[in-house]
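See below for the structure under consideration.
What follows draws every value from the coordinates through simple rules; no lab data is involved. All of these numbers come straight from a predicted model, not from anything done at the bench. Backbone-built Cβ (ideal geometry, glycine too); neighbour counts: all protein chains shown.
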Amino acid sequence: MIIRYLTAGESHGYALNVIIDGVPSNVKLQKKDIDTELQRRQAGYGRGTRMLIETDEVTVVSGVRNGMTTGSPVSLLIRNRDWENWKNKSYKETLETKPRPGHADLAGALKFDLKNIRDVLERSSARETAARTAVGAVAKKVLRELDIGFYSSVINIGGISSPVKDYKQLKKNYDNFNRTELRCMDKEASVKMKKRIDQAVTNKDSLGGVIEVLVENVPLGLGSFTQYDQKLDAALAAAIMSIQAFKGVEIGDGFSLADRTGRTAHDEIFYSKEKGFFHKTNHSGGIEGGMSNGEDIIFRAVMKPIPTLMQPLKTVDLATKKAEAAFKERSDVCAVPSASIIAENVAAVEILKFVQLKFGGDSIRELRLNLQNYLKTIR
Ligand code: EPS
């Protein structure tokens, strides 16, 4: 069994929905496990007023009985409360013809021969990430059973970066950290980030940033060096790049490796009876040769500033072909804290996929036993 899924649904449509196939049986899964993740995604300083309308919660439609997965497809539904405000609007009332630079509007409308940009933006909206966060919540529940855990934080907003990195502390206080507005480990930087967001609101502008995700306790050997399409880093990067507004991913020391020599860029190998093979450094971010190497997987990704601006950029009207200002409507000013949660959840699905590729299993018991047996062979 290998996890795969499809999402459907529009930002102001009736609901978002998703069918997840390949979830092992006998995993404890409750509505609240998914709702917690959905609510984490909604929070964060800089979000728009849409988040005041929505209190995202899931309806578990199938694949779970008495709080346990059955191995059958898990289907989930997340209602859009805002649908009530949209369902009676006429075509004319929703018509948008002035594409926003940076959004899917122009290419989407031309390619699908749509005269109303609304038909593009409803689906290209980052609202879809609510569905993917729900899938990640399910993947995380499975991986929790194997002691694989996920942590994320914000390390840059609008050019203000956080030099503090204390994962020991973060792991200990993750519940509290999740309640912070910016999800940044550096208190001083957080204050500055908040000011920068306020400034962006005043300037009718928007902000992006950088997030970092850490995955702990990943067994050595997920992915393979033997074929380009079996590499864990490639799959992870592709999945992360698919998140709306993401423009780059780096694994481990990433782009800064360009400034180093080989002697300082790699992680020396050690052995002890208790730990087996291990590294004392983690420049590679837990992946070498397309395979997990037993260390924490660490990656960063950059989200561009949101393209819906209250003081819009120049564009061309699709209907008249005349120069205009892009259309504007309610949006977020900065959704980087939220993006860190989404990246965590999107990564969880990818890690689960590779865990299942290697260890198989229809039930969580079979999966766990296969993993435990393998771990004995690599000591
Ligand atoms: C989002 C919901 C959207 C946006 C945002 C993400 O709601 P609305 O368009 O009604 O305000 O706030 O989407 C974008 C920023 C975008 O560019 O598409 C959500 O639920 O995360």
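Of the chymotrypsin sites (Phe, Trp or Tyr not before Pro) in region 208-292, which ones lie in a loop per DSSP and count no more than 15 other C-beta atoms within 10 Å?
Phe225
Give me Lys165, Lys247 ranked fewest to most by other Cβ atoms within 10 Å of their Cβ, as a rough exposure proxy.
So the residues, fewest neighbours to most, are Lys247, Lys165.
Going by the alpha-carbon gyration tensor, a ≥ b ≥ c the square roots of its eigenvalues, is region 36-175 rounded (a/c under 1.5) or, if a/c is not under 1.5, prolate (a/b greater than b/c) versus oblate?
Oblate, because a/c is 1.5 or more while a/b does not exceed b/c.
Looking at region 298-372, how many pairs of lysines come closer than 26 Å at the Cα, when each pair is eight or more places apart or spans two chains?
Counting lysine pairs in region 298-372 gives 4.
If you average the sequence gap of Cα pairs under 8 Å that are 6 or more apart and divide by the length of region 92-377, what percent do you get for the contact order?
Computed over region 92-377, the figure is 27 percent.
If only Cα atoms are counted, what is the Rg of the chain, and what is its Dmax, in Å?
21.7, 73
Calculated from DSSP H runs of 4 or more alone, at -39500 (n - 2.57) each and per residue, what is the 222 nm mean residue ellipticity of the chain, nearest 500?
Using -39500 (n - 2.57) per qualifying helix, the result is -10000 deg cm²/dmol.
What angle do you read, to the nearest 10 degrees and between 0 and 90, between the alpha-carbon axis of helix 31-42 and the longest principal axis of the chain?
Tilt of helix 31-42: around 60 degrees.
About the Cα centre, and with charges only on the beta carbon of Lys, Arg (+1) and Asp, Glu (-1), how big is the dipole of region 92-377? Nearest 20 debye, please.
500
Using a/c under 1.5 as the rounded threshold, could you call region 303-379 rounded, prolate or oblate? The axes a ≥ b ≥ c are square roots of the C-alpha gyration tensor eigenvalues, and prolate needs a/b larger than b/c, oblate otherwise.
prolate
Read phi for every residue in region 3-13 and hand back ³J(HN,Hα) as whole Hz from Karplus 6.51 cos²θ - 1.76 cosθ + 1.60, θ = phi - 60°, with x for Gly and Pro.
5, 8, 7, 10, 9, 9, x, 10, 4, 10, x
Please give the net charge around Ile342, taking every other residue with its beta carbon less than 9 angstrom from that of Ile342, where Lys and Arg add +1 and Asp and Glu add -1.
+1
Figure the gain on full extension for Gln30 and Gln230 (residue separation times 0.36 nm, minus the Cα-Cα span) and round it to one decimal in nm.
68.8 nm
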